[in-house]
Structures are given as structure tokens and as C-alpha cells.
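I have placed the structure first, in the form of C-alpha cells, so that the comments after it can refer back to it.
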Amino acid sequence: MKRLLFFSVIASLALFSACEELGDLLPDAEQVISETYNFTITENVAEGVTTATAVDITEYEQYKANTEYIEDYIITKLTYEISNYSAPEDLFISGELNVFKEDSTDVQTLGTISSVNLADMAVLAEEQEVAVDTTVAEQMVMWMNELETFGVQFEYVFQDSTGADYQFIEEDFGTGFDMTANVYVTMITGGLDDNFEITLD
């Protein structure tokens, strides 16, 4: 009986020690990479491309907090939102969020926005999800793992309700809006799965 009690205590201590050690592992970290583009209408031009922005993953809070534990990345979601809207009520936009290596080579489209009414999106005042190209997302992960950086740029077309290029008039000049693109990234840290169990045989 004493021997059985002894082994039970030893097993309990071993389990407690294992849990304590495993408990030190960090869960996966979530980081949103946001880029805001400020649009101001100054001429009757229906299409364009934003200035390219370099993203350095090492500058983000969750990377700094977990840098020694990060093993990989997953792109989980892509969204956009419209704010500060003062442009024409019948203005639509379509476009592509492009990503590329920092040297501007190998440009790929992470997500495409179909023609949407900007005024309606501004009234909603919430993020709109865009389908992610999984192949391009995997390429982004490769860049983050190997280079820790990538470039991002938005290429767009302004349209009317029929899908034709929008014709701006002089009274439209000086109006505009802000558009924020959000890339949701999970940083894989090697943390425990929620369903992780320890079984003693």
C-alpha cells in the first residue's frame, strides 16, 4: 500500500512538473498589418496605383514580444475599410492589393476587391473581408521567413454604377476618402494545441 502511494506521489509530481514546463510555452500570436491609403481627387483620372510601402515584420509588437519563439506564419484574413468619406455618392472602386519582394520584383495579387460603392462602405463603417489567394499568401510567408520584409501596393479603378470609368467634374476635386487594408497574420510560436492532453500509461 505504501509502495502504491509512493508511486502515485511520484507520478503526480512528474505530471505537475511537465505541466509547469509546458505552461511556459507561448500560444500563437496574432498581428494585424494595416496600411492606410489617403485618396484625394485632384483630376479626372479613373485609375491609379498607390505608393509602394515596405512592411518589416520585425517592427510589429507581437513579433518583438515573441521573436525567439516564432517558427512560422499564416495569413488568415484580408480586409479593407473606408473612412473619412467626402467623395461623390455614386463613386465605385475595384482593385487589387498587390504584394512583392522589397526590390519590387515578383509582384503578386493577394486579394481583389470587386466593384463596390464607396459611400455605402463608408456608411457601414466596418471591415469588409476579401478572399485571400492562398498561393500568394504562402509566398508572403516565405518572404517573411527568409527576408522579414515585403512590399504592398493597391492598384485601383474608379467606376460608375454601370462599370464604366468614372468621370470626375471640377466640383469633385478636393474630395476624397481613406482606405485601410488589413492583413491578419498568425505567428506560429510552437504553443500547445487547445486539445493537448497528457496521458500517463
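Read-outs: derived from the displayed coordinates by stated rules, not from any lab. Computed from a prediction, not measured in an experiment: that's the story for all the values here. Positions of Cβ are generated from backbone atoms using ideal geometry, with glycine treated the same way; all protein chains shown enter the neighbour counts.
Kindly give the semi-axes, whole Å and largest first, of the ellipsoid equivalent to the range 26-188, taking each as the square root of 5 times a Cα gyration tensor eigenvalue.
Value: 32, 15, 13 Å, ordered largest first.
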Legend entry - Overall Cα dimensions of the range 39-96 - principal axes, largest extent first, Å: 50, 20, 20
Inset, instruction - Counting other beta carbons within 10 Å of each Cβ, put 100, 150 in order, fewest first. - result: 100, 150
Inset, instruction - For a quick protection proxy, order the peptides 48-54, 138-144, 157-163 by their average other-Cβ count within 10 Å, most packed first. - result: 138-144, 157-163, 48-54
Legend entry - Sequence-distant residues sharing a close amide H with residue 69 (under 5 Å, placed H): none
Inset, instruction - Estimate the FRET efficiency between residue 175 and residue 124 by the formula 1/(1 + (r/R0)^6), using the beta-carbon distance for r and 30 Å for R0, to the nearest 0.05. - result: 0.95
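Can you sort 35, 43 by how many other beta carbons sit within 10 Å, fewest first? Can you show the working numbers first?
Details: 35 17, 43 8.
Going from least to most buried by this count: 43, 35.
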Inset, instruction - Sort 115, 104 so the one with the fewest other Cβ atoms within 10 Å of its own Cβ comes first. - result: 104, 115
Inset, instruction - Could you go through the range 64-74 in sequence order and give the Karplus-derived ³J(HN,Hα) for each residue, using 6.51 cos²θ - 1.76 cosθ + 1.60 with θ = phi - 60°, rounded to whole Hz, and x for Gly and Pro? - result: 4, 6, 10, 3, 6, 10, 5, 10, 6, 9, 9
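By the scheme Lys and Arg +1, Asp and Glu -1, what is the net charge of all other residues having a beta-carbon under 11 Å from that of residue 119? Intermediate results must be reported in sequence, preceding the final value.
Details: positive: none; negative: 89, 90, 120.
The answer is -3.
Tell me the net charge near residue 148. Cut-off is 11 Å between Cβ atoms, residue 148 excluded, with +1 for each Lys or Arg and -1 for each Asp or Glu.
Charge balance in the 11 Å sphere: -4.
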